[in-house]
Amino acid sequence: MSTMSDLLYTFGDTLTGHLALTACLLAVTDERMMWRRLKKLPSLLLCALAAALLSAGLHAVSELGIFRYFIFSFSVLIMYSIWVRWAWQYGFWRAFAATCMAGIFQVAATALSVILFQLVLAGETSQYMTAFGLHLGISAAAALLLYKLRFGMYFRLLLDSEPAIWRTALLLLALETVMEMFYCLISGVQSQYLLLYCLLMAVMVVLIATLTVYLAQRFDAARKIQAQQDVIAQQRLYEQDLEMIRREARAFHHDYKNLLAGLAQQAGAGELEGLRRTLAELDAGFDLRIGKKIQVSTQIGNLQIPEVRSLLLSKLAAMQEKGIECRLEVLYPIVAVNMDVWDYTRCLGILIDNAMEAALDTARPWTEIVLLAQNKQVFLHISNPYINRIEPSKMWCEGWSTKGTGRGLGLPGYQHILRNYPNASSCTGWEDGIFVQELTVEGTL
């Protein structure tokens, strides 16, 4: 039966492991606003305590043998993933994938600390504090190295692969299991082979990290190729609209003299009321045939970021098909935005999709999109009518939606992107049936 000192040692060991795992997690998620996560660290004590009690319970069942370790490790992964889901506001699969990735580096750091402890302190296992400190120090060094190598930047690309995130999580679970199995061999390695074992562990970690970076680059390349194809397709649509305006202008010019002759005849006959009516019809006809197209083309022309312009063109076409009236204003030329252009495009797409979806539930659907570049910042304003009930405490939670379950992936993803940009600030408001989303990105244009 476990004594109190055994429980305290187990709790200290599990707490050290959780802290080391957190250091690796901050690195693999490329966390930039670390203080927000560190404020939630005290709640991790509950996870470490639960892990310590589970470990004590498993050791009481001697029949489990080596499976005791794997049951414990898998349980810790699940409990820690639940904590990450709460602290990072991730979905479960995203949190589980991040935990497994961090676990791979944490296991390697644990193995290295055990080897150094055995070689330097000659197995003086009573020096628990030294062992715990060594473990935390190596884990912190590993996390710092990952930060310097920008590993988290690549891993975030895998986390953003929404359709296949569960497959990514299962792959990382398999790799983490391999690392755990290799770690279990450390107790049977003779002292003269410890350095070789350490080298093999390092090679495994490097191979796994290289595989992760390779998969992330493949995913990013495929996403950019698809985006470029969309840009080309939308540019062709834009050119077709310009060609249509040119043809309409030529047709209008062809009728111009006849229209002037008719107006002159009405003016000469003193038919002022008829003249006013004809001018009104002419003005309305011009707006219907050419004016609105020229206005939209002018606004789109001010947007000089191809990826963003392509997205707006596709969304305008989608709104036209669905019967949604769109009021677009791009008042000044926008040549750049101080964040990754693909991330900005994703944010814009999420906000427009939500506005379109909400507007379709109303009797007269409309959206308003305003883009303004001024004073070294890019300001975005999107508004739409809504009739559904809004719950501020739930709207940012992944999976929640006014449309029911299985939806609501947009706004949490939007918030997840913005966490990586301290220079970007968002604002949400609603009043009198109008829902408004605003995004401001500070920086040199």
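What follows is calculated from the coordinates using simple rules that are stated; it is not laboratory data. In this text the structure is predicted, and so the values were computed from the model without any measurement. Every residue, glycine among them, receives a Cβ derived from its backbone with ideal geometry; neighbour counts consider all protein chains shown.
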Subject >> Pair LEU199, ASP361: separation of 7 Å Cα→Cβ label points (nm) >> reply: 6.4
Original post:
Which ³J(HN,Hα) values, rounded to whole Hz and listed in residue order, are derived for segment 335-352 from phi using the Karplus coefficients 6.51, -1.76 and 1.60 in 6.51 cos²θ - 1.76 cosθ + 1.60 with θ = phi - 60°, glycine and proline given as x?
Top reply: 9, 6, 9, 7, 7, 4, 5, 6, 5, 5, 5, 5, 4, 4, x, 4, 5, 5
Subject >> Label point distance in nm, VAL189-GLU63, each placed 7 Å from Cα along Cα→Cβ >> reply: 3.4
**OP:** State the extension gain, in nm to one decimal, for the chain segment bounded by LEU149 and GLN304, taking 0.36 nm per residue of separation less the distance between their alpha-carbons.
**Re:** 52.5 nm
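With 22 Å as the cut-off, how large is the P(r) tail for segment 5-123, expressed as percent of Cα-Cα pairs? Could you put the intermediate results ahead of the total?
On the way: 2588 of 7021 pairs.
Within segment 5-123, distances greater than 22 Å cover 37 percent of Cα pairs.
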Original post:
Residue separation times 0.36 nm, minus the C-alpha to C-alpha distance between GLN374 and LEU41: what's the value?
Top reply: 115.9 nm
Original post:
Each residue of segment 148-154 in order: what ³J(HN,Hα) in whole Hz does its phi give by Karplus 6.51 cos²θ - 1.76 cosθ + 1.60, θ = phi - 60°, with x for Gly and Pro?
Top reply: 5, 7, 6, 4, x, 4, 6
**OP:** Take every Cα-Cα distance within segment 317-396, group them into 10 Å bins from 0 onward, and report for each bin the whole-number percent of pairs it holds.
**Re:** 16, 43, 32, 9
Original post:
Relative to the present Cα-Cα distance, how much length would full extension add between ALA221 and SER5 at 0.36 nm per residue of separation?
Top reply: 72.4 nm
